Structure formats: structure tokens, C-alpha cells
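Below you'll find the structure, written out as C-alpha cells, and then a few comments.
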Amino acid sequence: GAGVSQTPSNKVTEKGKYVELRCDPISGHTALYWYRQSLGQGPEFLIYFQGTGAADDSGLPNDRFFAVRPEGSVSTLKIQRTERGDSAMYLCASSLTEYNEQFFGPGTRLTVL
Amino acid sequence: EDQVTQSPEALRLQEGESSSLNCSYTVSGLRGLFWYRQDPGKGPEFLFTLYSAGEEKEKERLKATLTKKESFLHITAPKPEDSATYLCAVQAGYNQGGKLIFGQGTELSVKP
């Protein structure tokens, strides 16, 4: 079956702009996660959803970051007033339940100029 | 604080030269330990989950083992196509949700 998909694969924006990153999880997976990965580092947790609700958003760095999953499937990560420090690979993962193995998408490479 | 440390940061092997990667962890109640493989510019690819000390899992040339403080990923007779970054992650406790805490990874290069 289809894996996790993310769009766009690359996003270049200017400092101060708003961006949206989309994640389409594996069908039937109830848990969805967002991570951010800088070059040479492991992924860092941002937020996870169990169904439609954000079960844990403790990893969001500040209030410029927000994520939604309105129908319990597709999720969108939204970043307001982007800063150069937001440049990174943004990874989405899904799992059957919150304690099963997580399957990752190909990521969105965000570059803020 | 929950923490994962991987060593070495980088490892260069000749084809056929077996070795091991280390993942040390401190966590408040281990729910599971996960190994992933990541190729440049791509998302991590799931390899193994280990749940309790003494558990072992194998897949082709890879074998993962777990103790109460660390996990090893053993690579037997590696091939150039095994070159990648290998990531270790832990899932902590039953009341802390499903988030993964990752190490920084070991970059493996296998030369023919």
C-alpha cells in the first residue's frame, strides 16, 4: 500500500513569510507525528496527534508553529513569520497506534532566505 | 532527562568487514527502542523494534540487540549498499505518548 506522503518536497521562502507543509499518513493509522531534522542531527519531536486532537505539542519551539489534523487523516504544519533558523527538513510519520513503529514520509526541505 | 547517544558518529568499513554500532540510552521507563536507516535527503526507514533486555532481531546482514542501558546494531559482512546513517530512538514510558527521542545517528560508509 501507499506510504506516508509529504508535500511539497522542497519549499523556499523569504524571512517573514507564512508556509504550510502537508502530510498524508498511511490509511488507517490513528497516530501522526511531526519531527524536525537539522543537518547532521537526529529528528526532533514537534507534535503528535491521536485522531484529530493534538495529544502532545510540547516540542513546538514557539507560538509561530501550529499544526492541525481536522478529520483525523491529513495534517498540516503551519509556520508563521518564518525565520532563517526554521530552515530544516520537516518529517512526518504515522503509526497504527501511538505505541507501534512509526513510518516516515520523505520529508519537506524548508529553506528560509 | 531522557537521552540517546550513538557512537561512533561516523564509521568507515571495507566491504565484508563486520562491525557494531552503539546506542546508549537513559529513559524513564523504556517502552521500546527503534532502529532506522536514513539515506541522504530521505526520510528514515524502519528497521527494528526491541522491547526488553535480551531481545534480538535480525534482517539480512543486520542484527539488533538490547540490554538495560544500550543497544547494538551488528553489521555482518557489509556491502556498499549498506552505506547510510543509522538512527536509534527510544519511546519512553506508558504515560508519555508515542514520541520518539532520537540519537544523532551513526554515518556508515562501506567501501568496495
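Considering only strands (runs of 3 or more DSSP E) fully contained in the range B:33-112, which possess at least 2 residues that are facing another protein chain (nearest Cβ under 10 Å) and under 11 Å from the mean Cα position of the chain (by Cα)?
B:45-50, B:84-92
So if I check each of A:D63, A:D57, which one is surrounded by 13 or more Cβ atoms within 10 Å (Cβ to Cβ), out of contact with any His (no Cβ under 9 Å at 6 or more places or on another chain) and of a type in the set (D, E)?
Testing whether each residue is surrounded by 13 or more Cβ atoms within 10 Å (Cβ to Cβ), out of contact with any His (no Cβ under 9 Å at 6 or more places or on another chain) and of a type in the set (D, E) leaves just A:D57.
Kindly indicate whether A:E20 is open to solvent by 50 Å² or more (accessible area, probe 1.4 Å), away from chain B (no Cβ under 14 Å), over 21 Å from B:G103 (Cβ atoms) and at pLDDT below 95.
It is false that A:E20 is open to solvent by 50 Å² or more (accessible area, probe 1.4 Å), away from chain B (no Cβ under 14 Å), over 21 Å from B:G103 (Cβ atoms) and at pLDDT below 95.
Using the structure shown, decide if B:E107 is open to solvent by 60 Å² or more (accessible area, probe 1.4 Å), farther than 18 Å from B:T26 by Cβ and of a type outside the set (S, T, N, Q).
yes
Considering the range A:41-66 alone, what residues qualify as being part of a loop (DSSP other than H, G, I, E, B) and facing another protein chain (nearest Cβ under 9 Å)?
A:Q41, A:G42, A:P43, A:S58, A:G59
Select from the range A:101-113 the residues that are out of contact with any helix residue (DSSP H, G or I) (no Cβ under 7 Å at 6 or more places or on another chain), open to solvent by less than 50 Å² (accessible area, probe 1.4 Å) and not hydroxyl-bearing (S, T, Y) and list them in ascending order.
Across the range A:101-113, the qualifying residues are A:Q102, A:F104, A:G105, A:G107.
Check A:M89 against each of (1) within 11 Å of chain B (Cβ to nearest Cβ); (2) in contact with a Phe, Trp or Tyr (Cβ under 8 Å, 6 or more places away or on another chain); (3) open to solvent by less than 40 Å² (accessible area, probe 1.4 Å); (4) of a type outside the set (S, T, Y) and name the one condition it does not meet.
(2)
Taking into account only those residues within the range B:24-65 that are in contact with a Lys or Arg (Cβ under 9 Å, 6 or more places away or on another chain) and aliphatic (A, V, I, L, M), which is surrounded by the most Cβ atoms within 10 Å (Cβ to Cβ)?
This residue is B:A64.
Out of A:E98, A:E71, I need the residue that is more than 8 Å from chain B (Cβ to nearest Cβ), among the acidic types (D, E) and over 12 Å from the mean Cα position of the chain (by Cα). Which one?
A:E71
The values are calculated or read from the model by the stated rules, or taken from the named source; none is laboratory data. Please read these numbers as outputs of a predicted model, since none were measured by experiment. Heads up, the Cβs are rebuilt from the backbone with ideal geometry, glycines too, and the neighbour counts pull from every protein chain shown. Areas reflect the complete protein model, heavy atoms only, side chains present, ligands, DNA and RNA absent. Shrake-Rupley method; radii C 1.70, N 1.55, O 1.52, S 1.80 Å.
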